[in-house]
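Before any comments, here is the structure.
Nothing in this text is a laboratory measurement; each read-out follows from the coordinates by a stated rule. From a predicted model like this one, the values you see are computed outputs, not experimental measurements. Glycine also receives a Cβ, built like all others from the backbone with ideal geometry; neighbour counts cover every protein chain displayed.
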Amino acid sequence: MDFSIFKNKYRISGNLEVLTALHIGSGMEENGFDAPFITVDGDSKSKNFYIPGSSFRGYLSTKLERLVNKDNSFKLIDTETKEELNEADVKLIFGYTNLQKEDNNIKERILKKLDYDKNNENDKEENYYSMAGRIHISDMLIISDVKSIKRDGIKIDRETGATKNGAKFDYNVIPLCSKFEFEMELDNVEEYQLDLIKLALKDIIEGDLFGGKLSRGIGKCKLNIEKIEYVERVDVEDYLFKNLMKTKNVKEITEIKNLKIK
């Protein structure tokens, strides 16, 4: 597929609902807190909590990498081309760098999917060594009026299993029933790639663990899909000049039509 031309665009939106409690740490200790929940303004005392889109993006890519792992006892097949999927198909959605360092089967599949022509002297292989992703997930702002809750934790020595000296620490969580805004955009995706995204979303739509400190019994979340919008090449004029997009039934987010298991 030539990604330099417009083929389609999808926008999937809804909210992420916290079913137990949720921790997304800022990565920095602050006033005795172990990685306070990340906020828009950097003030841990504010209510402007959010989940970085990159965190959810990483969650999805990890799900897909497991599904196409070469050591699996099954293989995913594109029903249209009859081709076997591998890690290359994840990279084609989420982007990649340093293709020249990848295994040959990954490299060759990416070059094939991108229509690289080695017999064309103007088509250089190195032009394909990096590619931006086809997926964008906006930072997920909280849409519930809630305060974070402080919880106590104790650090355990992994070698001895005993409590470490000075091991007590605090961390904060967002309480259950809180919701975060969700919006994902996909550009120029093939039908089988759209199905891969659906598979990546499957667990979180049903309810899955997400975020940090999962061993403490938190992190159960559920993604509620409220709208699926799309535009294809034939509709591009309405999209560009009238900002119009078609819609699909949200139930289609669980329908897999272009992949099978071998």
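Setting aside same-chain residues fewer than 8 positions from Lys47, which lysines have a Cα under 24 Å from its Cα?
Once the sequence-local lysines are set aside, what remains near Lys47 is Lys147, Lys150, Lys179, Lys213, Lys220, Lys222.
Residue-wise, which Karplus ³J(HN,Hα) couplings in Hz belong to region 59-67, taking 6.51 cos²θ - 1.76 cosθ + 1.60, θ = phi - 60°, and x for glycine or proline?
4, 5, 5, 5, 4, 6, 4, 5, 5
Ordered by packing density, taken as the mean number of other Cβ atoms within 10 Å over each peptide's residues, highest first, how do 238-247, 117-126, 48-57 rank?
So the peptides 238-247, 117-126, 48-57, ranked by packing, come out 48-57, 238-247, 117-126.
Mind ordering 63-69, 199-205 by average Cβ neighbours within 10 Å, highest first?
On the way: 63-69: 16.1, 199-205: 18.0.
So the peptides 63-69, 199-205, ranked by packing, come out 199-205, 63-69.
By average Cβ neighbour count within 10 Å, what is the ranking of 137-143, 256-262 from highest down? Present the calculation step by step, with values, prior to reporting the outcome.
Numbers: 137-143: 17.7, 256-262: 13.6.
Highest mean packing first, the order is 137-143, 256-262.
Straight-line reach only, C-alpha to C-alpha below 20 angstrom: list the lysines that Lys262 could link to, leaving out same-chain residues fewer than 8 apart.
Result set, ordered by chain and number: Lys63, Lys70, Lys75, Lys82, Lys198, Lys202.
Return, ordered by residue number, the residues of region 66-105 whose backbone nitrogen is under 15 Å from a label point located 7 Å along Cα→Cβ of Lys260.
Residues 75-85 fall inside that zone.
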